[in-house]
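Q: I'd like to ask you about the structure that follows.
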Amino acid sequence: MITRITLINYMSHAHTVIEPVLGLTALVGPNNCGKSAIVHALETLCYNRPAAYAVRHGQKESSVTVETHDGHAVTWRRRGDAVSYVIDGREIDRLGGGVPEDLHQILKMPPITSASGNGDFFVHFGLQKSPIFLLDDSPARAATFFASSSDAEKLLAMQRLHRENVQQARREQRNLIDDLSAVEARLEALEPVNEISSELERLEEQFAAVRAAESTIESAARHARQWHQVERRRKHHFRSVEILETVPRPPQLDDEIGLSAQIRKLRDGRAKVDRQGGRAHVLADLKEAPSQLSEEPLGRMIFELKKAAARSRKTDARRMAIQALQEPPAIADAAPLENAIAKLREQNQRINQTNIALRKISSDIDAIAEQLSEWAAENPVCPVCGGETSVAAMLAGGHAHA
């Protein structure tokens with residue numbers, strides 16, 4: 001599957017990157033925006049079609065790159081009249097109008113070659129102005145394709161799938177027609193709603209007018225209540241004035257500064273009396289203080305309590321440690337173990353005796369080898385067989401003549 005398409009200076013594309021999604025990817029846009037150029041670029045990459053016009057105007061080089069889901073990257077590049085490919089970093093040129101051998105193994109979009117040699121079939125691309133595949137070809141060429149193409153079964157399967165899709169679309173069309181009929185019937189049943197809606201609007205307008213009238217009446221009633229309150233206050237004020245006119249004038253006031261100072265002093269004295277009274281009330285409820293006892297018994301008791309707390313902590317620590325211990329294993333019969341130890345000691349004694357014997361044999365061999373070395377030095381040639389004498393040969397059994 002193609003995961004990324006990159007066009008650089010290809011026709012109208014200065015630098016375009018497309019990342020197809022899994023499944024179907026549709027390219028949409030206005031006319032002459034470069035949709036067909038993308039399909040043409042993929043066809044050029046797959047079949048190395050002549051594409052001198054594909055290089056963007058004013059540029060010297062054009063390229064098309066395709067990346068696949070399995071990690072491959074294929075690039076078609078044109079510079080002047082020279083065309084080259086780059087497959088996974090490996091550059092390939094001098095193609096003579098062909099394509100690299102492993103190109104279609106990666107892209108899996110090769111042309112179909114008929115067994116009779118009646119030309120190649122390009123089934124993977126259909127350009128906008130090209131007829132539908134095989135419709136403009138002769139019946140013989142169509143028969144040749146279906147007889148030789150390994151993709152014929154896929155095309156037939158696609159045709160069957162298309163036929164099933166058409167049937168499904170027709171069934172959905174019939175269902176939609178039935179739904180439309182049901183909706184039209186409901187709309188016909190709901191036609192009186194328009195008249196009801198207009199009548200409802202008229203009633204809402206009347207209701208709004210009634211609410212506005214109610215608001216006006218409430219406002220007028222509120223103003224009337226306020227006017228009555230003002231009138232009552234005015235009458236009460238007039239009556240108060242009439243009553244006050246009959247009251248004689250107050251006597252002439254003397255200097256009030258001394259009186260104010262005396263009042264402040266009285267207030268301060270009253271506050272002090274209240275505080276003293278509160279203290280006396282509190283102190284009256286107190287009892288006599290108890291006689292102070294000796295502190296020595298209390299000190300001894302505190303000391304004993306501290307010692308008891310320390311002993312308690314040690315006891316808790318020991319208890320926690322004992323709880324973590326496992327039950328001691330049961331004592332098994334020691335007789336088999338003692339027998340095994342005795343046998344092991346006996347074997348060790350035998351091994352020591354064997355080692356002593358081996359050291360004695362090794363010492364004897366060294367002495368014999370020394371004697372043989374002296375004899376070989378005195379007799380370099382065997383007096384029996386005439387061969388060369390050596391300590392190694394004699395120790396290996398050589399020169400052991402009967």
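Q: Quick check on this structure: which one of Gly71, Gly97 is modelled with pLDDT of 85 or more, surrounded by fewer than 14 Cβ atoms within 10 Å (Cβ to Cβ) and either touching a Cys at 6+ places or on another chain (Cβ under 7 Å) or among the small types (Gly, Ala, Ser) (or both)?
A: Selected residue: Gly71, the only one of Gly71, Gly97 that is modelled with pLDDT of 85 or more, surrounded by fewer than 14 Cβ atoms within 10 Å (Cβ to Cβ) and either touching a Cys at 6+ places or on another chain (Cβ under 7 Å) or among the small types (Gly, Ala, Ser) (or both).
Q: In the range 3-30, which residues are in a strand (DSSP E or B) and open to solvent by 60 Å² or more (accessible area, probe 1.4 Å)?
A: Arg4, Ile8, His15, Val17
Q: Looking only at the range 35-68, count every residue that is in a loop (DSSP other than H, G, I, E, B), under 27 Å from Pro100 (Cβ atoms) and small (Gly, Ala, Ser) and tell me the total.
A: 1
Q: Same structure, new question: Please work out if Val273 is open to solvent by less than 100 Å² (accessible area, probe 1.4 Å) and either modelled with pLDDT of 80 or more or outside any loop (DSSP other than H, G, I, E, B) (or both).
A: Answer is yes for this residue.
Q: Is there a residue being without any contact (Cβ under 8 Å) to a residue 12 or more places away in the chain and either at positive phi or of a type in the set (Ser, Thr, Tyr) (or both) anywhere in the range 57-67?
A: yes
Q: Could you list all residues from the range 69-107 that are of a type outside the set (Gly, Ala, Ser) and assigned to a loop (DSSP other than H, G, I, E, B)? Before you say what the answer is, go through the steps one by one.
A: The initial filter retains those residues of the range 69-107 that are of a type outside the set (Gly, Ala, Ser), namely 69-70, 72, 74-79, 81, 83, 85-88, 90-95, 99-107.
Of everything in the range 69-107, those that are of a type outside the set (Gly, Ala, Ser) and assigned to a loop (DSSP other than H, G, I, E, B) turn out to be His69, Asp70, His72, Asp81, Asp88, Asp93, Arg94, Leu95, Val99, Pro100, Glu101, Asp102.
Q: For Ala317, work out the one condition from (1) modelled with pLDDT of 80 or more; (2) part of a loop (DSSP other than H, G, I, E, B); (3) small (Gly, Ala, Ser) it doesn't fulfil.
A: (2)
Q: Next up: Would you mind finding the one in Gly71, Gly97, Gly80 that is more than 42 Å from the chain's Cα centre (by Cα) and farther than 20 Å from Ala14 by Cα?
A: Gly97
Q: State the number of residues belonging to the range 74-84 that are buried (at least 19 other Cβ atoms within 10 Å of the Cβ) and under 20 Å from Tyr53 (Cβ atoms).
A: 4
Q: Just to verify a result, which residue in the range 45-59, among those that are closer than 15 Å to Ser12 by Cα and within 45 Å of the chain's Cα centre (by Cα), is surrounded by the fewest Cβ atoms within 10 Å (Cβ to Cβ)?
A: Among those residues, the one meeting the criterion is Gln59.
Q: When you go through Ala147, Ala157, Ala185 one by one, which is the residue that is assigned to a helix (DSSP H, G or I), at pLDDT 70 or above, out of contact with any Pro (no Cβ under 8 Å at 6 or more places or on another chain) and of a type in the set (Gly, Ala, Ser)?
A: The unique qualifying residue is Ala185.
Q: Suppose the filter is at pLDDT below 80 and open to solvent by 80 Å² or more (accessible area, probe 1.4 Å); does Ile356 pass it?
A: The answer is no for Ile356.
Q: Tell me, please, whether a residue that is at pLDDT below 70 and in a helix (DSSP H, G or I) can be found in the range 284-300.
A: yes
Q: If you don't mind, another one. Quick one: Ala51 ticks every box in (1) in contact with a Ser or Thr (Cβ under 9 Å, 6 or more places away or on another chain); (2) within 19 Å of Tyr85 (Cα to Cα); (3) in contact (Cβ under 8 Å) with a residue 40 or more places away in the chain except a single one, so which number is it?
A: Of the numbered conditions (1) in contact with a Ser or Thr (Cβ under 9 Å, 6 or more places away or on another chain); (2) within 19 Å of Tyr85 (Cα to Cα); (3) in contact (Cβ under 8 Å) with a residue 40 or more places away in the chain, the odd one out for Ala51 is (3).
The values are calculated or read from the model by the stated rules, or taken from the named source; none is laboratory data. Note that the coordinates shown come from a computational prediction; the quantities given were computed from them, not determined experimentally. Methodologically, a virtual Cβ is constructed for each residue, glycine included, from the backbone with ideal geometry; neighbour enumeration extends over all protein chains shown. These area figures cover heavy atoms from the full protein model, side chains too; ligands, DNA and RNA do not enter into them. Shrake-Rupley method; radii C 1.70, N 1.55, O 1.52, S 1.80 Å.
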